[in-house]
Amino acid sequence: MSNIPADLRYTTDHEYVKVLDKGLVQVGITDYAQGELGDIVFVNLPKVGDSFDEHGVFGVVEAVKAVSDLFCPLGGEVTEVNGALEADPGIINRDPYDGGWMIRLRMKDPDSLTALLTPEAYKAQLGE
Amino acid sequence: MRWHLWLDRTPRPGWQNMALDMSLHARAARAGDGYLRLYRWEPSCLSFGRHEPASKRYDRGRIERLGLDTVRRPTGGRAVWHAAELTYAVAAPEAAMGSLREAYHRIHHTIAAALRSLGAPVHLAPARRAAPVDAGACFAAAAGGEVVVDTGKVVGSAQLRSEGALLQHGSVLLHDDQSRVREVTIGDPAPPDVRPLSQLLDREVSWEEVARAIGDAAQPWAARWNTVVDDEDLIAEAEMTAPRFRDPSWTWQR
């Protein structure tokens, strides 16, 4: 059974969004996603200042057996990147929702949060 | 959805094989078609995983002195020596094949059925995490859902998911034992626990025989298959991505 924190929002592509402050969110992949991928060995993330549209590819993650795109849950500008993942991408496996966060975004449209999946809807998508 | 089967009997160099697989992936993403390509390599080639730290892990000087061909795959995973093997590639929309593990299971289930039809007592490894990247070359450890006999791997596979389509390709070892990978690995890696098909069947086995068995086992994927003969358009499309796979600075980027 995957860990699906109640205070986050989710996408059908298995990214999560955590609201940090007004207009600022933290993005990463879910516990289910890290479990599907297996041991993550590499992550390629954008630079501070890069902008993405909703569903834009903001990076790439590679696990032992697969390479996969990372999709931006919301449109916005990157304000911070988790530099710790470069040296130790396995943090994403061990702690996807805290230490394993990937980017922080200044949202273009804070109202777009409402289009994301609730924990209940994400849980239903996983069939758990 | 249309499925295409390509028994690509022309042995090709590593750069062209990877470029062709990427062209199939692009077509799957663009047109929503599915492809099963079965192919081989000439010359034999050492391939690295997409982000594998090849420069740290393998002795480039020794590889060059031995005159070995090298290529970096677009998919994940670790090094594979492509010699006496049949290689498969499946490119399809993600929606048609399901999640990463579902796609792995479906493809490996088909390959295992093909190998069993030839008499090999293979099964799928029980679900568990893949081995960590430091565990060695691709065939050094089996992940859950891979095609194995006892604990040894018969098929090594890797996947790319991008632009709404997946590419999974993998090696069915016919005769090779992957000792070449160990020979060029820096340090003293453990010997890979591999099971080439000829050893399992206790007889010689041909590429053609295995290709036909996999093509037959995949028939339930589609009501009707389109048979691809050497597709000149596809080969021309592959020229677009070929420069990257031919470039040593890309192959040895990490």
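The values are calculated or read from the model by the stated rules, or taken from the named source; none is laboratory data. Fair warning: this is a prediction, and the values are worked out from it, not measured in the lab. With ideal geometry, Cβ positions are generated from the backbone for all residues, glycine too; neighbour counts draw on all protein chains shown. These area figures cover heavy atoms from the full protein model, side chains too; ligands, DNA and RNA do not enter into them. Shrake-Rupley method; radii C 1.70, N 1.55, O 1.52, S 1.80 Å.
So how many residues does the range B:65-100 have that are touching a residue at least 40 places away in the same chain (Cβ under 8 Å) and closer than 21 Å to B:Met1 by Cα?
So the count comes out to 11.
Residues are listed down the side, and each one gets a yes or a no for (1) of a type in the set (Phe, Trp, Tyr); (2) more than 18 Å from the chain's Cα centre (by Cα):
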| position | (1), (2) |
| --- | --- |
| B:Ala28 | no, no |
| B:Ala31 | no, yes |
| B:Phe48 | yes, no |
| B:His51 | no, no |
| B:Ser55 | no, yes |
| B:Tyr58 | yes, yes |
| B:Ala79 | no, no |
| B:Ala89 | no, no |
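Restricting to the range A:97-122, name every residue that is over 18 Å from A:Pro46 (Cα atoms) and under 16 Å from the mean Cα position of the chain (by Cα).
Listed by number, the residues that qualify are A:Tyr97, A:Asp98, A:Ser112, A:Leu113, A:Ala115, A:Leu116, A:Leu117, A:Thr118, A:Pro119, A:Tyr122.
Identify the single condition in (1) out of contact with any helix residue (DSSP H, G or I) (no Cβ under 7 Å at 6 or more places or on another chain); (2) outside any strand (DSSP E or B); (3) more than 9 Å from every other protein chain (Cβ to nearest Cβ); (4) in contact (Cβ under 8 Å) with a residue 24 or more places away in the chain that A:Leu85 does not satisfy, given that it satisfies every other one.
(1)
Give the range B:19-41 a look and list any residue that's open to solvent by 30 Å² or more (accessible area, probe 1.4 Å) and either of a type in the set (Phe, Trp, Tyr) or not in a helix (DSSP H, G or I) (or both), or say none.
Across the range B:19-41, the qualifying residue is only B:Arg40.
Looking at the range B:102-116, can you tell me whether even one residue there is assigned to a strand (DSSP E or B) and modelled with pLDDT of 85 or more?
We begin by selecting, within the range B:102-116, every residue assigned to a strand (DSSP E or B); these are none.
No, every residue in the range B:102-116 fails to be assigned to a strand (DSSP E or B) and modelled with pLDDT of 85 or more.
Would you be able to tell me the number of residues in the range B:150-168 that are farther than 17 Å from B:Met18 by Cα and either assigned to a strand (DSSP E or B) or among the aromatic types (Phe, Trp, Tyr) (or both)?
Restricting attention to the range B:150-168, the residues satisfying the condition of being farther than 17 Å from B:Met18 by Cα are B:150-155, B:163-164.
The next check asks that each one be either assigned to a strand (DSSP E or B) or among the aromatic types (Phe, Trp, Tyr) (or both); those that pass are B:152-153, B:155.
Residues in the range B:150-168 being farther than 17 Å from B:Met18 by Cα and either assigned to a strand (DSSP E or B) or among the aromatic types (Phe, Trp, Tyr) (or both): 3 in total.
Scan the range A:28-56 for residues that are more than 12 Å from chain B (Cβ to nearest Cβ), polar (S, T, N, Q) and open to solvent by 40 Å² or more (accessible area, probe 1.4 Å) and jot them down.
A:Ser51
Residue by residue through the range B:216-240, note down the ones that are of a type outside the set (Val, Ile, Thr), crowded, with 16+ Cβ neighbours inside 10 Å and outside any loop (DSSP other than H, G, I, E, B).
B:Ala217, B:Trp221, B:Trp225, B:Leu234, B:Glu237, B:Ala238
Any chance the range A:25-42 includes a residue that's in contact with a Leu (Cβ under 7 Å, 6 or more places away or on another chain), among the hydrophobic types (A, V, I, L, M, F, W, C) and more than 20 Å from B:Ser162 (Cβ to Cβ)?
Checking the range A:25-42: at least one residue is in contact with a Leu (Cβ under 7 Å, 6 or more places away or on another chain), among the hydrophobic types (A, V, I, L, M, F, W, C) and more than 20 Å from B:Ser162 (Cβ to Cβ).
What tally of residues in the range B:90-101 results from selecting those that are modelled with pLDDT under 90 and in a helix (DSSP H, G or I)?
Here the count works out to 2.
Scan the range A:106-118 and tell me whether some residue there is away from every other protein chain (no Cβ under 12 Å), surrounded by 21 or more Cβ atoms within 10 Å (Cβ to Cβ) and in contact with a Ser or Thr (Cβ under 9 Å, 6 or more places away or on another chain).
No, the conditions are met nowhere in the range A:106-118.
Suppose we keep only residues that are away from chain A (no Cβ under 14 Å) and either touching a Pro at 6+ places or on another chain (Cβ under 6 Å) or part of a loop (DSSP other than H, G, I, E, B) (or both) within the range B:42-61. Which one would you say is nearest to B:His175 (Cα to Cα)?
Among them, the one singled out is B:Ser44.
Please tell me if B:Glu64 is surrounded by fewer than 22 Cβ atoms within 10 Å (Cβ to Cβ), of a type outside the set (A, V, I, L, M, F, W, C) and more than 14 Å from every other protein chain (Cβ to nearest Cβ).
It is true that B:Glu64 is surrounded by fewer than 22 Cβ atoms within 10 Å (Cβ to Cβ), of a type outside the set (A, V, I, L, M, F, W, C) and more than 14 Å from every other protein chain (Cβ to nearest Cβ).
Output the qualifying pairs, or none if there are none: Cβ atoms under 6 angstrom, residues six or more apart or on different chains, first residue in the range B:192-216 and touching a residue at least 40 places away in the same chain (Cβ under 8 Å) and over 16 Å from B:Ser117 (Cβ atoms), second residue buried (at least 16 other Cβ atoms within 10 Å of the Cβ) and of a type in the set (S, T, N, Q).
B:Pro192/B:Gln178; B:Val194/B:Gln178
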